Amino acid sequence: MRFFALTATTADLPDVPDIHESLTAIQKFVKSASPVVLSALWHIVLALIIFFVGRWLIEHFLSRVALLDNKTKIDPGVAKFVRSLVRVGLWALLFYIIADFLGVPTASFVALLGSIGVTVGLALQGSLSNFAGGLIIMFLHPFKTGDYIKTASDIEGTVVEIGLFFTTLRMADNKIITIPNGSLSAGNITNYNVLPVRRLATTVGIAYEADTARAIALLTELIKSRKPLVNPEKALVYVKELGESSVVLGLHYWVKTSDYWDEAWSINQAIKETLDKNGISIPFNQLDVHVIR
């Protein structure tokens with residue numbers, strides 16, 4: 001058995017990096033970079049603290065405003081709009097403060113927001129029109145939540161919600177309709193709930209042979225006995241028209257706005273019962289055909 005001894009000199013080995021020098025270089029880099037890294041991390045931590053504290057302050061402030069709204073006579077739609085507007089403004093201010101704290105040039109930040117605003121504005125012209133209409137409705141108060149209104153397109157209903165872009169109405173048959181604020185504010189709006197009283201007007205025809213004066217007296221007595229009646233001195237029954245087959249009597253009297261619809265739906269039945277009870281006929285159209293041979 002043979003044994004071979006292998007010997008090598010240092011000249012025969014490949015070059016090996018000096019580990020000590022590498023570690024020293026890394027330590028120097030870390031030592032030189034650590035202040036920058038620590039400063040950046042510190043600023044990020046403080047920015048996060050500012051963000052969470054700012055968010056808590058915003059929500060706390062808005063909740064306090066919401067509680068105060070319940071103690072005032074502010075319209076709920078206006079209150080909701082103001083809270084949304086304040087929320088957006090406070091969040092924008094918070095992001096501005098954080099950007100300024102992190103060293104972001106505020107002029108560039110504002111310019112960026114401006115360019116974004118222009119781009120969004122061009123893309124959402126219709127929505128901005130609705131937003132402007134919402135502002136008009138909020139601050140000019142042509143109507144408020146709970147009012148019964150009629151729009152220029154003959155849509156009627158009770159106002160359920162006034163939003164930034166749309167207004168929601170509940171129609172008489174309990175259907176919900178949403179109307180863009182732009183078209184709503186640009187047209188005529190009839191509000192039936194602004195004033196506490198409304199004038200109710202209706203008509204009835206009686207036969208030409210009937211005693212007109214007696215019919216007027218009976219109907220005047222009827223409307224003055226109605227419970228929803230207000231301002232009885234302004235109640236009026238008069239001959240409105242001489243029709244083709246009847247004398248048309250008009251009735252005008254004032255009722256509370258809250259009682260208007262119930263009264264409007266029941267007065268015609270009361271008129272017919274009163275006339276029938278007193279033998280005053282209500283004629284209907286007749287067609288007489290004469291055959292000539």
- Message: Let me make sure I get this right: for the range 159-254, a, b and c are the square roots of the gyration tensor eigenvalues over alpha carbons, sorted descending. Under 1.5 in a/c it's rounded, otherwise prolate if a/b > b/c, else oblate. Which is it?
- Response: prolate
- Query: Points 7 angstrom from Cα along the Cβ direction at residue 57 and residue 174: gap in nanometres?
  - Reply: 4.8 nm
- Can you tell me how much longer the chain between residue 41 and residue 195 gets when fully stretched, taken as 0.36 nm per residue apart minus their C-alpha distance, in nm with one decimal? 49.1 nm
- Item | Protection proxy ranking, peptides 274-282, 251-259, average beta carbon neighbours within 10 Å, highest first | 251-259, 274-282
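Need the full-extension length gain, residue 136 to residue 256, defined as separation in residues times 0.36 nm minus the C-alpha distance. One decimal, nm.
40.3 nm
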- For the range 228-237, Karplus-derived ³J(HN,Hα) couplings (6.51, -1.76, 1.60; θ = phi - 60°; whole Hz; x for glycine and proline) come out as x, 5, 10, 6, x, 5, 9, 5, 9, 10
- Please check which bits of the range 238-270 a label hung off residue 225 would reach, taking the label as a point 7 Å along Cα-to-C-beta and the cut-off as backbone N under 12 Å. 270
- Query: Once you put a point 7 Å from the Cα of residue 234 and another 7 Å from the Cα of residue 214, both along the Cβ direction, what distance in nm separates them?
  - Reply: 3.2 nm
- Message: Using amide H atoms built in the peptide plane, which far-off residues or other-chain residues are under 5 Å from residue 163 H to H?
- Response: 168
- Message: Using a 7 Å offset from the Cα along the Cα-to-Cβ direction at both residue 272 and residue 292, what is the distance between the two label points in nm, to one decimal?
- Response: 3.9 nm
- What ranking do 239-245, 129-135 get when scored by the average of other Cβ atoms within 10 Å per residue, highest first? 129-135, 239-245
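Taken together, the values in this text are just the output of simple stated rules run on the coordinates, not laboratory data. Note that the structure is predicted; figures quoted are calculated from it, not measured. Cβ sites come from the backbone with ideal geometry, for glycine too, and all protein chains shown count toward neighbours.
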